[in-house]
Protein chains: 2
Amino acid sequence: MLKKNFLMSPGPSKVPESVMLEMAQPVFHHRTPQYQEIFADVTAKLKQVFRTKNDVFVFTSSGTGAMEASVTSFLSAGDTVLTIDMGKFSQRFDLIAKAYGINTKKIDVEWGKAVDPSVVEAALAEDPSIKAVYSTLTETSTGVVVDLKALGAVVAKTSAILVADAISGLGADKIETDEWGVDVVVAGSQKALMLPPGLAFMSVSEKAYQLAENSSIPAFYFDLSRSKKALDKNDTPFTPAITLVIGLQKSLDMILSEGMEEVWARHEKLAVATRAAVKAIGLSILSDSPSNAVSAVQFPEGVDGGKFAKIIRDEKGVTMAGGQDHLKGKIFRIAHMGYCNQYDMVVGLAAVEEVLYELNFKFDKGAALKAFQETYLS
Amino acid sequence: MLKKNFLMSPGPSKVPESVMLEMAQPVFHHRTPQYQEIFADVTAKLKQVFRTKNDVFVFTSSGTGAMEASVTSFLSAGDTVLTIDMGKFSQRFDLIAKAYGINTKKIDVEWGKAVDPSVVEAALAEDPSIKAVYSTLTETSTGVVVDLKALGAVVAKTSAILVADAISGLGADKIETDEWGVDVVVAGSQKALMLPPGLAFMSVSEKAYQLAENSSIPAFYFDLSRSKKALDKNDTPFTPAITLVIGLQKSLDMILSEGMEEVWARHEKLAVATRAAVKAIGLSILSDSPSNAVSAVQFPEGVDGGKFAKIIRDEKGVTMAGGQDHLKGKIFRIAHMGYCNQYDMVVGLAAVEEVLYELNFKFDKGAALKAFQETYLS
């Protein structure tokens, strides 16, 4: 068959053709009124997507750069923070904090589950010196969404700040940054914001700014005060990835003209139908708190996960993601984030069925597609 | 008149249309053999442009990110380094080092001049504890090129490493990283490498790796050992700016098929003719060690630099750069870097003449263009 390429991985994710072509326009200089107007528009629109009145910073980096900024901007070596290991990315906060000489109290959660807010509450009660709590909104490695609203309520009662990695969640799983009291939200361009990788974002609350005043971790490229001084003049301290910012303006326009509630509802509808689809052919979902951005699907008994990943990508042209660390070979992750509608999911599910069939897994052919339609259309 | 936009600033600089369109191709995943093959090819080609057998790292950041890495990767707080202030960008090394608790001995050089290697030699002799010398290859703010070959010879005799910011120089002003003994070379995508901003590069010599072993400055996003571990597997530790890497492959192909010697010769020919052109209408060059990447041209008596900059950009559509800090309003900087040939320079010079004419500066109309042609064609 003619092979077409479909990107269904949880980052990088599909970028609208119109955004790609917008970014192919001739480059222009960033120290110009023309660019500043675009940048002001982009930061204003980012706030609408973040659901915040707080400052939102734009970094030229991968999402990890902003995660680093969310550690180094607010803390000092010797401080204590609470981290949660519920997957590859929440774990990363712990690694970053340790790299900067910060003491971490780590809550270990079985991968596939979300942290219980009461456990966080107890940990905070036990150690009032905890300066910050680090969590993911969406744990991309397991397809888990965390109850940030509950975490926000718990953390708000303390002097600690709540920092959330919403890199793959923002624009897919609901977040109400201000209403829920999430002090720092980190995001990236290559997920539900429908752009290629290269930009990262960080929102900062007043409570977080106050904590930042006592921070003594050195920084330059990600330095908060340098970034803040520039942002107040509608600028970045260093040359931004101009083409990506141009593209971002267009993708934010698309998101906001659809409307945040509608965007969240679309993701939920696709996620629910996708989960019903894979269950209908005997597969199961890893997460017991499933995200609307990405589904982590457990391979059934007897199916070689490594072979599945290779065949679906190299032979079928459909890129999904496998499992990381101890989940390698045990799950595949199908994204329903960003520039994605029901027809994309039908393609992905058709490919899943086809590869499982070729791997001699016994199931009712077409049952996944049928279940998707039944769920989606009801 | 119909306004067309010409980008003649020393970064961002013009990107070939074919590169822009290459980057507009559908995004694909970076943890794939398809991407790894491209990344291996890109790093191999970068080495040819850097003229080095050393590792060349690719960061998703502005050039300043790699400058930061060139400080934090090799040093510890309390170390002493030699910095040189000969412009905005060489100065930045001093700021970065201080931000990380490093003692700096700073050589102040009048902006527009290049550091005298014998001054560096004397400073190194006076303080054998100096661990590193930081210089620019091309000081973008003044259009100065530094004699890195001579600096390399001086530093090689000591235990210090030589670190060069070649962000705007690489691919325009000649550099022989290995032959000249430049231990660490930092570069960026948006200058003579003919790409939009968003990628930065750093080459690391064996001597620099040895120094890095004792470094105790914490790092995560720019952490050298993490980057090295990934590079050895043909990878980056964090999601790269995929589209820019795709574009880089194409722009490096263009550069290498022209040939490095030919690329340098082209830049020299354009720079020499541009300098002759502006001199022919009574303007002067700031630098007494002029770069082939960018010319810093002093405004003649009575011409309002601020007005010039605004008119040439907003009315004529030709973007050049002004002066920074105390050079603001005193110079304009015209780039002849990257995707640039004689016809681009003729456009830029025609616009310079036109705006000077409108600002009532008296000169022999067309003399700049004539001098350009006379010099270029001889």
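Values in this text are rule-based calculations from the coordinates and carry no lab data. Please read these numbers as outputs of a predicted model, since none were measured by experiment. Cβ coordinates were reconstructed from backbone atoms using ideal geometry, including for glycine residues, and neighbour counts include every protein chain displayed.
Within the listed set B:Gly171, B:Gly63, B:Gly198, the Gaussian network model of chain B (springs between alpha-carbon atoms below 10 Å) gives the highest mean-square fluctuation for B:Gly198.
The trypsin sites (Lys or Arg not before Pro) of the stretch B:17-71 that meet both conditions, a loop assignment by DSSP and at most 16 other Cβ atoms within 10 Å of the site Cβ, are B:Arg31, B:Lys53. On the basis of the beta-carbon distance and an R0 of 35 Å, A:Gln249 and B:Leu2 show a calculated FRET efficiency of 0.85. What trypsin sites (Lys or Arg not before Pro) in the stretch B:227-324 are in a loop by DSSP, with at most 10 other Cβ atoms within 10 Å of the Cβ? Taking the stretch B:227-324 and a limit of 10 other Cβ atoms within 10 Å, the loop trypsin sites (Lys or Arg not before Pro) found are B:Lys233. Secondary-structure-derived ellipticity at 222 nm for chain B, considering helices only, amounts to -12500 deg cm²/dmol, per-run term -39500 (n - 2.57) for DSSP H runs with n ≥ 4. Sorted from nearest, the other copies put their B:Gln210 label points 5.2 nm away, the label point being 7 Å from Cα in the direction of Cβ. Listed by chain and number, the lysines whose alpha-carbon sits under 25 Å from that of B:Lys310, ignoring those within fewer than 8 places in the same chain, are A:Lys229, A:Lys233, B:Lys3, B:Lys4, B:Lys14, B:Lys88, B:Lys191, B:Lys279, B:Lys328, B:Lys330, B:Lys362, B:Lys365. Projecting each Cα onto the charge dipole of the stretch A:17-257 (Lys/Arg +1, Asp/Glu -1 at the beta carbon, about the Cα centre), which of A:Gly247, A:Asn103, A:Pro128 comes out farthest on the positive side? Farthest towards the positive pole: A:Gly247.
Ascending distances from the B:Leu2 label point to its copies in the other chains, with the point 7 Å along the Cα-to-beta-carbon line: 3.7 nm. The angle between the Cα long axis of helix B:63-72 and the longest principal axis of the Cα atoms of chain B comes to about 30 degrees, rounded to the nearest 10.
For the stretch A:1-20, backbone nitrogen atoms closer than 13 Å to the point 7 Å from B:Gln25 Cα along Cα-to-C-beta are found at A:5. Residues in the stretch A:145-184 near a label at A:Glu262, defined as backbone nitrogen under 16 Å from the 7 Å Cα→Cβ point? In the stretch A:145-184, the label zone of A:Glu262 (backbone N under 16 Å from the point 7 Å along Cα→Cβ) covers A:172. Placing a label point 7 Å from the Cα of A:Asp288 along the Cα-to-Cβ direction, the residues of the stretch A:114-129 whose backbone N falls under 18 Å of that point are A:114-120. Between B:Lys229 and B:Tyr343, the FRET efficiency estimated from the beta carbon spacing at R0 = 60 angstrom works out to 0.85. Legend: mean number of C-beta atoms from other chains within 10 angstrom of residue C-beta atoms, peptide B:86-96, equals 1.
In terms of its C-alpha gyration tensor, the stretch A:102-245 has an oblate overall shape, because the principal axis ratio a/c (a ≥ b ≥ c, square roots of the eigenvalues) is not below 1.5 and a/b does not outweigh b/c. For helix B:33-50, report the angle its Cα long axis makes with the longest principal axis of the Cα atoms of chain B; keep it between 0 and 90° and round to the nearest 10°. With both axes taken from Cα atoms, the answer is about 70 degrees.
Gap in Å between the Cα centre of the stretch B:148-187 and the Cα centre of the stretch A:304-378? Here the two parts' Cα centres lie 51 Å apart.
Taking the longest Cα principal axis of chain B as reference, the axis of helix B:342-358 is set at about 50 degrees.
The overall shape of chain B, judged from the alpha-carbon gyration tensor, is oblate: a/c is not under 1.5, and a/b is no greater than b/c. The charge dipole of the stretch B:17-257, taken about the Cα centre with unit charges on the Cβ atoms of Lys, Arg (+1) and Asp, Glu (-1), comes to about 380 debye, rounded to the nearest 20. Relative to the other identical copies, A:Glu176 shows label-point distances of 6.7 nm, where the label point lies 7 Å from Cα along the Cβ direction and values run shortest first.
Would you tell me the mean number of C-beta atoms belonging to other protein chains that fall within 10 Å of each C-beta in B:38-48, as a whole number? Mean partner-chain Cβ count within 10 Å for B:38-48: 0. Entry note, the stretch B:17-257: relative contact order of 28 percent, from Cα contacts under 8 Å with a spacing of 6+ residues. Within the stretch B:57-189, DSSP assigns beta bridges of which about 10% are antiparallel (rounded to the nearest 5).
Each Lys and Arg adds +1 at its Cβ and each Asp and Glu adds -1 at its Cβ; summed about the Cα centre, the stretch A:257-378 shows a dipole of about 260 debye. Rg of the Cα atoms in the protein assembly as shown, relative to 2.2 N^0.38 Å, amounts to 0.98. In terms of its C-alpha gyration tensor, the stretch A:274-378 has a rounded overall shape, because the principal axis ratio a/c (a ≥ b ≥ c, square roots of the eigenvalues) stays below 1.5. Ranking A:Tyr209, A:Thr64, A:Phe28 by Cα position along the charge dipole of the stretch A:17-257, where only Lys, Arg, Asp and Glu carry charges on their C-beta atoms, puts A:Phe28 farthest toward the positive end. Shielding by partners for peptide B:197-207, expressed as the average number of C-beta atoms from other protein chains within 10 Å of each residue's C-beta, is 3.
Placing +1 on the Cβ of every Lys and Arg and -1 on the Cβ of every Asp and Glu, with no other charges, gives the protein assembly as shown a dipole of roughly 780 debye about its Cα centre.
Antiparallel beta bridges, as assigned by DSSP with both residues in the protein assembly as shown, represent about 50 percent of the total such bridges. Only one residue of B:Gly152, B:Pro117, A:Ala335 has its Cα farthest out toward the positive end of the dipole of the protein assembly as shown, where Lys and Arg carry +1 and Asp and Glu -1 on Cβ, and that residue is A:Ala335. In the stretch B:17-257, the DSSP beta bridges split such that about 40 percent are antiparallel, to the nearest 5.
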